[in-house]
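Values quoted throughout were computed directly from the atomic coordinates according to the rules given, and no laboratory measurement underlies them. For clarity, every value in this text was computed on a predicted model and none was experimentally measured. Cβ sites come from the backbone with ideal geometry, for glycine too, and all protein chains shown count toward neighbours.
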Amino acid sequence: MNSFTFTQAMAVAGAVQDKAAHPDAAYIGGGTNLIDLMKENVARPTHLIGLKKLGLDAIEALPDGGLRLGALATNADTAWHPEVESRYPLLNQAILAGASPQLRNMATDGGNLMQRTRCYYFYDLATPCNKREPGSGCSAIGGYNRVCGILGTSDSCIATHPSDMCVALAALDTVVRVSGPNGERTIQFEDFHRLPGDQPERDNTLEPGELITSLDLPAKGFEKNFSYLKLRDRTSYAFALVSVAAAMELDGNTITDARLALGGVAHKPWRDKEAEAMLVGQPATAATFGRVAAKVLEGAKGYGANTFKIELARRAIVRALKQATEMNQVLDTNAFQNSNP
Amino acid sequence: MSQVTQAPLGRPPVALAPTQPVRLNINGQDHTLEIAPWTTLLDALREYLDLTGTKKGCDHGQCGACTVLVDGKRVNSCLSLAVMHDDSHIQTIEGLGTEDKLSPLQQAFIDHDAFQCGYCTPGQICSAQGLLNEGKAKTEAQVRELMSGNVCRCGAYSNILSAVMEVLTNEGLILEDKAWSAGAANQNVAPVEPPK
């Protein structure tokens, strides 16, 4: 690690000012990804601004029936919160599918959005990587790219966003509240993360110095019909090769509302609103799900070692939608195994 | 005679950030350390306080050997800076029991021969203590899942599972027998006898 200074922020305004006063500063919430990147010399901040005493760790009801997740609430406290468990079980399942208990106890909700890709070349300082060092090239294209993306990729970068939690947040239409040098604003979740384009070093649409203060969930939580299906190389404590967050409302066997988001396939949680629209008004059958899955994967592109993900994702979508319809998942006593039926 | 320069590659030496005080309550004792901000909680425990029960394994949060409890919750001490824990209560393997009176988990690990090498065991026991504190695991399958942050290749997992299940059983925290026995059949692990 490089030498750096550390201050503990006591208020949001103070943290934002402190960030503006130090050109190479970084906010640190739980630090589970940032400290790892600092140990690998990928991240080299000269100043860290501790956030844990800002008091943004509450999970509270919103007047419109939604739920506000404080940016500094831990992933574990969020997953196990009674309101999240009962009203947003998709989010509960997605969080518990990710990382390990130790990491979930430290990692914060805001930090989850800010974690960086686990593409091997991003971590390997000996190889070119446009995300780590703009203009140096992409080693994953033509390299070992099993973990890389198949949708929304560019000639500059095929890295994926590694989060599980964010896939559920995307499906649930979460709103991100931020505070920065120019005051407060909100960002729709689908606009928060970016596709790589020719600027893969930019993961998101935050302006310099902006700090996430909360994640606001709308009232609709799809607690009756949902599934978070995560497919990975081992049963636990591994990043997704492909994950699917599926949520539906049903009238009998007819779909009246639907959400579909994918993880492990793109630079951002991949949500396809046209595919969602194709579900509405249709019967909840394998044929419907198959057509929708084909639509989602229409523009998919494989890069060799990750080409299998196209078929994997297509089948995962069908299975997740089927699970959400039938809700034959055992949710009470065996909740942790849901993602690996 | 060759000349030795202080910094490599002709770069000027980098000024180090100053140390700063951190107050930690560790295993019931207050400590104030004067440390560099990049000192991890793990290094603070081992290098400044001589609490070497907590192990540095992978140093990247992947193996769980460095697991300690911060305010009752298990964390990877290698991925956390000590300066982030001002005023926190930290419990390490040394603080779970005494030589005369081991904690129930420590005793269960002995009874079930649940030891990997000394490197992984303290983290496994601290992680299991965190699992007990959380109160979420009620079946064998759930214990397996919630112990998955502790990785080792020694192959003692099945005995660790038995040890943790015994303590859960003794504390009345498991579901009725059949729930976890059914899981045990699938996992190819003999279930622990429920208390008579």
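Structure summary
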| read-out | value |
| --- | --- |
| Estimated distance in nm for a label pair at B:ASP113 and B:ASP86, the labels positioned 7 Å out from Cα along Cα-to-Cβ | 5.0 nm |
| Where labels lie 7 Å past Cα in the beta-carbon direction, separation of A:LYS301 and A:LEU62 in nm | 3.6 nm |
| A:PHE308, A:PHE192 arranged by Cβ crowding within 10 Å, fewest neighbours leading | A:PHE308, A:PHE192 |
| Tensor-based shape of the protein assembly as shown (alpha-carbon gyration tensor, a/c under 1.5 rounded, otherwise prolate or oblate) | oblate |
| Only Lys, Arg (+1) and Asp, Glu (-1) charged, at Cβ; the range A:128-226 dipole about Cα centre in debye | 220 debye |
| For the protein assembly as shown, share of DSSP beta bridges that run antiparallel, in % to the nearest 5 | 85 percent |
| Choice from A:ALA61, A:ALA240, A:ALA258 with maximal GNM fluctuation in chain A (Cα, 10 Å cutoff) | A:ALA61 |
| Average other protein chain Cβ within 10 Å of Cβ, residues A:32-40 | 4 |
| Spin-label zone in the range B:80-120 - amide nitrogen under 12 Å from a point set 7 Å from the Cα of B:GLU171 along the C-beta vector | B:103-106 |
| Value of Rg/Rh across the range A:51-143 [Cα atoms, Kirkwood radius] | 1.13 |
| Cα long-axis angle, helix A:12-21 against chain A (0 to 90 degrees, to the nearest 10) | 60 degrees |
| Neighbouring partner chain Cβ atoms per residue of B:81-87, average, 10 Å criterion | 5 |
| As computed over the range B:1-144, the Cα convex hull volume per residue (Å³) | 167 Å³ |
| Net charge of Cβ neighbours under 10 Å - reference A:ALA140; Lys, Arg +1; Asp, Glu -1 | +2 |
| Distance (nanometres) between label positions extended 7 Å along Cα→Cβ at B:ASP30 and A:GLU83 | 3.7 nm |
| Amide H contacts of A:SER214 (H built 1.01 Å from N, under 5 Å, at least 5 apart or other chain) | A:ALA71, A:ARG177 |
| log₁₀ of I(q)/I(0) at q = 0.14, 0.26, 0.30 Å⁻¹ - the range A:38-77, Debye sum with one point per alpha carbon | -0.51, -0.89, -0.97 |
| Difference of contour (0.36 nm per residue) and Cα-Cα distance, A:ASN182 to A:SER136 | 13.3 nm |
| Shielding score for B:140-151, defined as the mean number of other chain Cβ atoms within 10 Å | 5 |
| Surrounding net charge for A:PHE189, when Lys and Arg each add one and Asp and Glu each subtract one, Cβ distance under 13 Å | +1 |
| Charge dipole (debye, nearest 20) of the range A:19-138; +1 at Cβ of Lys and Arg, -1 at Cβ of Asp and Glu | 320 debye |
| Alpha-carbon gyration tensor eigenvalues x 5, square-rooted, for the range B:120-168, Å | 16, 11, 10 |
